[in-house]
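Worksheet: one structure, shown below.
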Amino acid sequence: MYLADRSAPSGAKTAPTDRGSGRAPAVASTVLALGTVSLITDISSEMVTAVLPLYLIAGLGLSPLGFGALDGVYNGVSALVQLTGGHLADRVRNHKLVAGLGYGLSALCKPLLLLAHSLGPISVILALERTGKGLRTAPRDALISLSTPDGLQGRAFGVHRAMDTTGALLGPLAAFLILGVAVDGYDAVFGVSACVAVLGVVVLLLFVPSGAGGTPPRQAAAPPAALPAPARPNPVRLRDAAALLRLPRLRALALCAVLLGLTTVSDAFVYLLLQRRTGIDDQWFPLLPLGTAAVFLLLAVPAGALADRIGRRTVFLTGHALLLAAYGLLLWAPDWPALPYLVLALHGMFYAATDGVLPAAVAATVPESLRATGLALVGTGQALARFACSLAFGGAWTLWGTGPALAAAAAGLLCCAAVAGHVLRPSPPVPAAPAPPDPARRP
Amino acid sequence: MTRSRRLLILAVAVLLLGGVGAALVLHAASRADRPRTGGPAATAGAVTLTAGRDTLTFLGSGQGPHRGALASVPADAPDGTRTVSDLSCQRFHAAAGTGVCLRSSPGALAQDNKAIIVDAELRPVRSFPLAGTPSRARVSPSGRFAAWTVFVSGESYGAAFFSTRTAILDTRTWKLEPNLEEFAITMDGRDHRAQDVNFWGVTFAKDDDTFYATLSTAGETHLVKGSVSRRSVTTLVKNVECPSLSPDETRIAYKKRVRAGASLWREHVMDLGTLRDHPLAEKRSVDDQAAWLDDDTLAYGLPGDDAADRTDLWTVPADGSGTPRLLTSGASSPARLG
């Protein structure tokens, strides 16, 4: 009954196995293909990430403090590019094309790193790499959602995020393996990273169905309430994108994403606080992000499936409650030996319960013709909010110190989660028009 | 396109890309054993750090078998035949029989970064785990104190996070100050408490207590004068990075940021008595903690003119006169032992 049959999966045409024998398979083949692309691409980009500080400092003899200052700018750029990529994909009605351009741009940047030997050009190349990432995110998520029945969105995004994280964990391993074989072989790391990235593009080209989810827009499908976009294959205009925010449910989700993003302390700060709080030895510090990633990887699929079953709102809010618990432990817990494990587990569970669940919830509220735009709107809002939070948290940390800054973030998170719980509450059925598929309303 | 054709194309792509990748790795791996032609002559041998012999030590930075290895030459013949040890580091400094070697090696899951204290015969005495990538290393003139700076980076280059950590070690008592940020800071005469404080680039005076370093807070860098025993620092002037105290302890060589926000530095020398400074004749951007060869001459590393995977050592007069001169090619982390 969760299959919400009235809106047939758009991937049905190209991925017939989706509905083959009346029982849906775990995930659509498109999702697996996109997951594989992300896995491969993340291996490629995390290879670079893992060796970049060493390359800049030991290989090129640079001090990367200036580079750190530029990082924030990249994040802003990436968020705005995401909006462009999402809208462009809907506009040309070819999500695969725009996603492919994004993956291709990022792949091109890796060998270019070999040619750049000073901070300026390296910054430009990394900014282009981030542009590629921004460009591909929304059309890729749109492809995932368009190839999946409404009732299985959470699981599909969970599978994708788990595969993505697997790649992120394998990347550093590959890089250190290469550096183990070839001392100072940064050129080899960048070269192999480029080859891996190209392989990701090849898999995308070969195994991901083209077009906007592989189907022509169907006029027969019941449009969600207050649908601002024409169901006809009209060109998608900027105005339609803006009108998306008139969809009450999407507006609610975007508002909550921004509010909660404003109180989500960036990962780096969490690890820094954890080290200060528990006195973890320096040599373990680089491993802290791996703890979060491992838990995220293990729980992304179950959390997504759970969200499909008991409601995405519940799981999404629970995720933030777990983050709040992590903040609480960092602030008030006694000095247990298990504290670092607990905090990292909660941090990973927070990601598992929110990172794929939010786009799953967004996908269920946005018409197909504007799917990528809708996902990008929420994604950009969230990214900009988190960036603002980073700046604000850094300021609060400076002014008040770590404890009060984190306490303020926790208090903010509590308030925002309460607002989100209220805004996202299940609404009574709208009698005038068929309501958009609302995951939160299912039992 | 049929499924089997797509799989065929994928197989071909995997083979091609795998081949290119393997070739790149093998090429890089073989390069490590291939001596570089045209570089300074080198023989394997014992490098000692004892005072009394006037030598210059540095790390080999050219491609080839001696990359990263600690080498020494007579101070009066810097381009002569090098004696190359089997100690390999990313950063190195030594004085009076004590050396500090910052080493980063690929670990199973992440970089394995260590600071290794070595004795005059380069035997490891103790090692300390580091929280990040090695950046600066210094030993006090007496050989008693060692200091190092590492960059602690976030988990991704998309994260707005970069931080330094500077430690000072007493090699007599093995008391470690793991983080200078714990020291009391006096800025412009007042107590300064802020969480965005970063220190880097320590340089020691002969009294084995006074040191100078860079303090960064609120987007500005300051020169600080500190005391190890009092665990405190005091700011002196702004826009000073990577100070290096002259042997006669009257002047500081440092890199001065040319324009706020830009990664361009000019090497300057400041008189500590008057806090007046002048630029050196080096017009290129120097991103290194310069070393004094004597009271009149500074040495520093710059990326190679023809190959960027190599650092060369240059010298320039400390009074702002003259022109930069190549000291020796394929070398970094210079230290004069006298």
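The values are calculated or read from the model by the stated rules, or taken from the named source; none is laboratory data. These numbers were taken from a predicted model, which means no experiment stands behind them. Note that each Cβ is placed from the backbone with ideal geometry, even for glycine, and that neighbours are counted across all protein chains shown. Heads up: the accessible areas ignore ligands, DNA and RNA and are worked out on the full protein's heavy atoms, side chains in. Shrake-Rupley method; radii C 1.70, N 1.55, O 1.52, S 1.80 Å.
Name the pairs: first residue in region A:260-285 and closer than 16 Å to residue A:322 by Cα, second residue among the charged types (D, E, K, R) and part of a helix (DSSP H, G or I), Cβ to Cβ under 7 Å, at least 6 apart or on different chains? Between residues of region A:260-285 that are closer than 16 Å to residue A:322 by Cα and residues that are among the charged types (D, E, K, R) and part of a helix (DSSP H, G or I), the close pairs are A:261/A:386; A:264/A:386; A:266/A:386.
Can you find, within region B:107-121, the residue that is farthest from residue B:151 (Cα to Cα) among those that are within 14 Å of chain A (Cβ to nearest Cβ), surrounded by fewer than 22 Cβ atoms within 10 Å (Cβ to Cβ) and out of contact with any Cys (no Cβ under 6 Å at 6 or more places or on another chain)? Reasoning before the result, please.
Taking region B:107-121 first, the residues within 14 Å of chain A (Cβ to nearest Cβ) are B:107-116.
Filter once more, keeping what is surrounded by fewer than 22 Cβ atoms within 10 Å (Cβ to Cβ): B:107-110, B:112, B:114, B:116.
With the extra rule that they be out of contact with any Cys (no Cβ under 6 Å at 6 or more places or on another chain), the set shrinks to B:107-110, B:112, B:114.
Details: B:107: 17, B:108: 20, B:109: 18, B:110: 14, B:112: 13, B:114: 13 Å.
Result: B:108.
Scanning region B:218-250 for residues that are within 13 Å of chain A (Cβ to nearest Cβ), open to solvent by 10 Å² or more (accessible area, probe 1.4 Å) and assigned to a strand (DSSP E or B) gives B:220, B:221.
Picking from B:302, B:215, B:293, which residue would you name as being farther than 27 Å from residue B:143 by Cβ and in a strand (DSSP E or B)?
Working: B:215 fails: farther than 27 Å from residue B:143 by Cβ; B:293 fails: farther than 27 Å from residue B:143 by Cβ.
Of the residues listed, the single one that is farther than 27 Å from residue B:143 by Cβ and in a strand (DSSP E or B) is B:302.
In this structure, residue A:264 does not satisfy being within 10 Å of another protein chain (Cβ to nearest Cβ), among the hydroxyl-bearing types (Ser, Thr, Tyr) and under 17 Å from the mean Cα position of the chain (by Cα). Identify all residues within region A:163-183 that are closer than 13 Å to residue A:46 by Cβ, crowded, with 21+ Cβ neighbours inside 10 Å and more than 7 Å from chain B (Cβ to nearest Cβ); write none if there are none. Of everything in region A:163-183, those that are closer than 13 Å to residue A:46 by Cβ, crowded, with 21+ Cβ neighbours inside 10 Å and more than 7 Å from chain B (Cβ to nearest Cβ) turn out to be A:164, A:165, A:167, A:168, A:171, A:175. Is it true that some residue in region A:309-318 is within 24 Å of the chain's Cα centre (by Cα), small (Gly, Ala, Ser) and open to solvent by 30 Å² or more (accessible area, probe 1.4 Å)? No; the residues of region A:309-318 include none that is within 24 Å of the chain's Cα centre (by Cα), small (Gly, Ala, Ser) and open to solvent by 30 Å² or more (accessible area, probe 1.4 Å). For region A:232-253, give me each residue that is assigned to a loop (DSSP other than H, G, I, E, B) and either within 23 Å of residue A:99 (Cα to Cα) or modelled with pLDDT of 85 or more (or both). Hits for region A:232-253 are A:233, A:234, A:235, A:236, A:237, A:247. Restricting attention to region B:251-266 and to residues that are away from chain A (no Cβ under 14 Å) and under 15 Å from residue B:291 (Cβ atoms), the residue that is surrounded by the fewest Cβ atoms within 10 Å (Cβ to Cβ) turns out to be B:251.
Within region B:64-75, the residues that satisfy the criterion of being open to solvent by less than 30 Å² (accessible area, probe 1.4 Å) and either touching a helix residue (DSSP H, G or I) at 6+ places or on another chain (Cβ under 8 Å) or within 13 Å of chain A (Cβ to nearest Cβ) (or both) are B:64, B:68, B:69. Does residue A:302 satisfy the criteria of being surrounded by fewer than 20 Cβ atoms within 10 Å (Cβ to Cβ) and farther than 27 Å from residue A:405 by Cβ? The answer is yes for residue A:302.
So that you can scan it fast, the table gives a plain yes or no per residue for (1) more than 14 Å from every other protein chain (Cβ to nearest Cβ); (2) in a loop (DSSP other than H, G, I, E, B); (3) over 22 Å from residue B:97 (Cβ atoms):
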residue: B:9; (1), (2), (3): no, no, yes
residue: B:23; (1), (2), (3): no, no, yes
residue: B:47; (1), (2), (3): yes, yes, no
residue: B:77; (1), (2), (3): yes, yes, yes
residue: B:80; (1), (2), (3): yes, yes, yes
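The residue of region A:172-199 that is nearest to residue B:9 (Cα to Cα), among those that are without any contact (Cβ under 8 Å) to a residue 12 or more places away in the chain and in a helix (DSSP H, G or I), is A:195. Looking across region B:184-212 at every residue that is basic (Lys, Arg) and either assigned to a strand (DSSP E or B) or under 20 Å from residue B:95 (Cβ atoms) (or both), the one that is farthest from the other protein chains (Cβ to nearest Cβ) is identified as B:206. Of the helices (runs of 4 or more DSSP H) lying entirely inside region A:321-415, those containing at least 1 residues that are modelled with pLDDT of 95 or more and within 14 Å of another protein chain (Cβ to nearest Cβ) are A:339-354.
Restricting attention to region B:318-338, report how many residues are part of a loop (DSSP other than H, G, I, E, B), open to solvent by 20 Å² or more (accessible area, probe 1.4 Å) and of a type outside the set (Asp, Glu).
Start the filter on region B:318-338 by keeping residues that are part of a loop (DSSP other than H, G, I, E, B), which leaves B:318-324, B:329-330, B:338.
When the remaining residues are screened for being open to solvent by 20 Å² or more (accessible area, probe 1.4 Å), the result is B:319-324, B:329, B:338.
Keeping just the survivors that are of a type outside the set (Asp, Glu) gives B:320-324, B:329, B:338.
The total comes to 7.
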